[in-house]
1. Report, in cubic angstrom per residue, the convex hull volume of the C-alpha atoms of the range B:441-589.
2. Just how far, in whole angstrom, is the range A:161-227 from the range B:137-216 if you go by their alpha carbon centroids?
3. Can you give the % of DSSP beta bridges in the range A:159-282 that are antiparallel, to the nearest 5?
4. Specify the angular offset, from 0 to 90 degrees and rounded to the nearest 10, of the alpha carbon long axis of helix A:442-451 from the longest principal axis of the alpha carbons in chain A.
5. Straight-line reach from B:Lys544: which lysines fall under 23 Å, measuring Cα to Cα and dropping same-chain residues less than 8 apart?
6. Over 19 Å between Cα atoms: which of A:Lys193/A:Lys396; B:Lys193/B:Lys255; A:Lys145/A:Lys236 fall into that group?
7. If amide hydrogens are placed 1.01 Å from N in the peptide plane, which non-local residues have theirs closer than 5 Å to the one on A:Tyr94?
8. What whole-number value in cubic angstrom gives the convex hull volume per residue for the C-alpha atoms of the range B:159-281?
Protein chains: 2
Amino acid sequence: MDKLIKRRDLDFILYELLQVEELARYPRFQEHSRQTFSSAIATAYSIAEQKFAPVNRKCDLQEPTYDGERVHVIPEVKEALDAFASAGFISAMYAEAQGGMQLPYSITLACYAIFRAASVAIDAYATLTVGAAELIHEFGSEEQKARYLAPMLAGRYFGTMVLTEPQAGSSLADVQSTAEPRADGTYSIKGNKIFISGGDHELSENIVHLVLARIPGAPPGVKGISLFVVPKYRVKADGSLGPKNDVALAGLIHKMGFRGTTSTMLNFGENEECIGELVGKPHHGLAYMFQMMNGARIAVGLGASVLGYTGYLHALDYARERLQGRNSKDALSPPVPIIRHADVRRMLLAQKAYVEGALALCLYAGTLSDRAKHAPDETERREAALLLDLLTPVVKTWPSHYALEANSLAIQVHGGYGYTREYAVEQFYRDNRLNPIHEGTSGIQALDLLGRKAFAEKGVSLAILGKEIGATVQRARKHSDTELQSHAAQLADAWERLTETTRILGGALMQDANLALANASVYLDMFGHTVVAWIWLRQAVLAKEATPSPADEDFYRGKLAAARYFFRWELPKTGPQHTLLRSLDSSTVDMQESWF
Amino acid sequence: MDKLIKRRDLDFILYELLQVEELARYPRFQEHSRQTFSSAIATAYSIAEQKFAPVNRKCDLQEPTYDGERVHVIPEVKEALDAFASAGFISAMYAEAQGGMQLPYSITLACYAIFRAASVAIDAYATLTVGAAELIHEFGSEEQKARYLAPMLAGRYFGTMVLTEPQAGSSLADVQSTAEPRADGTYSIKGNKIFISGGDHELSENIVHLVLARIPGAPPGVKGISLFVVPKYRVKADGSLGPKNDVALAGLIHKMGFRGTTSTMLNFGENEECIGELVGKPHHGLAYMFQMMNGARIAVGLGASVLGYTGYLHALDYARERLQGRNSKDALSPPVPIIRHADVRRMLLAQKAYVEGALALCLYAGTLSDRAKHAPDETERREAALLLDLLTPVVKTWPSHYALEANSLAIQVHGGYGYTREYAVEQFYRDNRLNPIHEGTSGIQALDLLGRKAFAEKGVSLAILGKEIGATVQRARKHSDTELQSHAAQLADAWERLTETTRILGGALMQDANLALANASVYLDMFGHTVVAWIWLRQAVLAKEATPSPADEDFYRGKLAAARYFFRWELPKTGPQHTLLRSLDSSTVDMQESWF
């Protein structure tokens, strides 16, 4: 569909940039080919176009309501999700033996990208179910898989992730919910949770909550947290639904955007019995949850990217059709489409550079996951895993900021109309504002990158990224084109400064961790811009090397123009960031509470 | 009130930074003193606190509705506006002989800032009325003043500005509404207008629309537009209301924010007679409107600033109270207020630097207007007028971007809570997103700055600003403090680069105006950062020179810390902007429609 994600671009990213066809050489994906990938993608477009996109605004205007007994969601949401599940998208990555399509993660992400562009709020129910299912698949017992996973993959049960408590927020060390062992090996769950997306509704037969809680006597902090499956309705041995667990909806949360997704406060076991089953080993809950969380972080980055992407296509369409002003001073000449005004083109070009770069980055992360799990070569698996780990905070955060900025520019292109609820772009902007917050705020991602990932394996992760970037620089340098040469030099320089800045910060971390980490957000932003510049150089090199059909020439010129924009307008912004970081600026550390 | 605008800061800006007491030496303000100024401000705080702030969220949740006959606005809005008018704020700047308070514009703006921080949507009705009244005051006939101005100043009639047409948008040259002369010297108005704020409601006895339209035979383009007073109800000679004019509400516009202000589509004279009176001379309408528009642009900048400001104070309050996480690794230690985390302090410091800088900039513009109109010395008047003209696009745009960014940071400080409608910050963010759009988009402001203002009077305006900045640099250099010395050097350097960049762009304007203006938005942003750096250096110098009472020490330290933040984190961002601008980068000009 024209205004979701440009199909030509998605194909370019998948088949030219990321060469996903190569994945079909792995034993895991040997039944696949470009044809099967493309057919899954076509199905995603078709359902997204017919069932998701047309309902997106209605979801926003008619938020879920709670009458004290039941949560009401407009029926079109269930129709959309049923279509999603029936087409096999919840189990897309699972083995054929499990009824799945055995698709690579990268292709699955591409499909999810399309749904999310059409309606991020409807898709959220599916995304949460996929994530929760994955946790049970990885760490649950065979019995749990039979009881919960199978109906989740079929779309009959939905899932949630239940981490946050009102008093603890991002600080999971402070989770207080409890799980008392019961005689039969199950647990009595008690506690209050907040911001639980998809926490209540009647879209599915059952809701499978994956809940973090403490078993009495557990160590304090993050090392004493366990993970439990807590179904809304208990499931009997024969798979039929038993009595309701005491998971009480304390209220719906009303958000700025993402309004089609219920966001809930849930009280577990406050009045009656709320029975949960331990997943895996006691006290390992957070490690398990982080497995899901890493996926969730990529999902957030992808959602942010495609909200920006669809906003860009809406703005582009508007700019081509809207007649206003003129390029000459002759008041009698006819008005021109606003895309003819340089400042409008600037706003479109910035959006293009942000969202196409962000989407490519997220799908690249998808291929890293595929390689990490399924590449036949062990070294390749290990390197891909390290690279994915390093890049996850960037993949989560960079699109959350820049694709949101793209949504703001899309509004600006629409002028006053863009500020009204008659046009889609204002909703994208509100929806996208959640992304820098959930699944670990940008600040937390920055600490993860600078405090952990950048120095993981004594710097090996960073070195792997450096090797990849170096290869692209070398390839670009082989071209006589001065623009490409200049981009390559700029990227090589940016990378050198990044590694030097990292070294300086690494030294500082030993001396004064508080000071070294104080400006981690700047580090993450600069890191992200450097990585996306690399993604753009890769695209530019391919565009230069292509021998396009006449119909494709404009497409490649567009890629070159966006790469040029990124190198001229965006990458130089990292200059002052390096300077600031190397100075170990202590402004935020020195600032005293009473001075505000 | 604690969360609107910090009173200590407002006093600092007015009395220490801008030395508004000096205005009392002008004949126009000779009855005034710090005491009378402060008393007006205290009244504004009191009404804003009691009548505006408590209603702000309700306005947002219960948008105006239209039942096909009448527009319904929650009654608290009328109460708030009645209190505003009764306290004399509509006529605050008018001569005592006219029933006004004869206050300087700067003090009036300070009062308006307080109301706008409390509820920008309610205040909009008042702001529009003040602007419309000013137009009639400046250009209307004595009869028009008696008929319309007097009841407007008393708050009995409200005003609007009616420029935009659906097909024309920002392109006022394409206004098509017509005004046919009638035998009695009045005109029949016909046309469709859109985005008319306050265009219909029952908050006042009458609504006075100031409408742009063309008299038959007028020249094409902007030189053929005239200005008309078109009252909702015609006003009889004795001042009583006559029949309704045919100003039909074609619909309410539903916006992302600013929801408490009706935004309307109006059809003039579509069915019955719609009678208007010409204001001033035919075909001079746009020039008159721009008089009002300049004020409106400062009003927008001020509104943006204080939305950011109140958001900052909300975030600060939250950060001081919210306990979460800890600075040590001991999981058993109690959680700390999040203001103890460096990244939260970064977000608060950025907000402080943006919003206190923005507010000071807007109020400075207010003093320029006072000096331009009322300074006894002619040279001072002229220089102040030129400086105000030069800075108006900056005053409109810089706060619209950076105080909006502050609102985004305020949400981020609140985490998940900030994204919900339970907290005020999400509304501020939505409300503020209008400001880069209305009263001339940021793109239009950029063209105004680079295409007109920067070279006005052959560069004299810019030279006047340079003189002012130079004086601050000199004063800062007298201090032995290394921080201040460094700020001064940085600002002197930034100014030199700005003037050089301006020279280069000026040369390019002669060669290829399209190319030279293509990156005007970057020029405006860089210009704004340089001007706000100057505002911060002025504040830092004063903080350094102050001999504060113990109670005041923290306040001045906060000013120094925010200045330091601005010079270390923000001003360096102009470096790559200068480089880009000087390169006359043609990326946006070269980009072809078909490449997107």
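1. Each residue corresponds to 112 Å³ of Cα convex hull volume.
2. One Cα centre to the other: 61 Å.
3. 85 percent
4. 80 degrees
5. Excluding near neighbours in sequence, the set is B:Lys6, B:Lys352, B:Lys467, B:Lys478, B:Lys559.
6. Pairs exceeding the cut-off: A:Lys193/A:Lys396.
7. A:Met101, A:Gln102, A:Leu103
8. Cα-based convex hull of the range B:159-281, divided per residue, equals 109 Å³.
Laboratory data are not the source of any read-out in this text; all were calculated from the coordinates shown. It should be emphasised that the depicted structure is a prediction, and the values quoted were computed from it without experimental measurement. Here the Cβ is made from the backbone with ideal geometry for all residues, glycine too, and neighbour counts use every protein chain on show.
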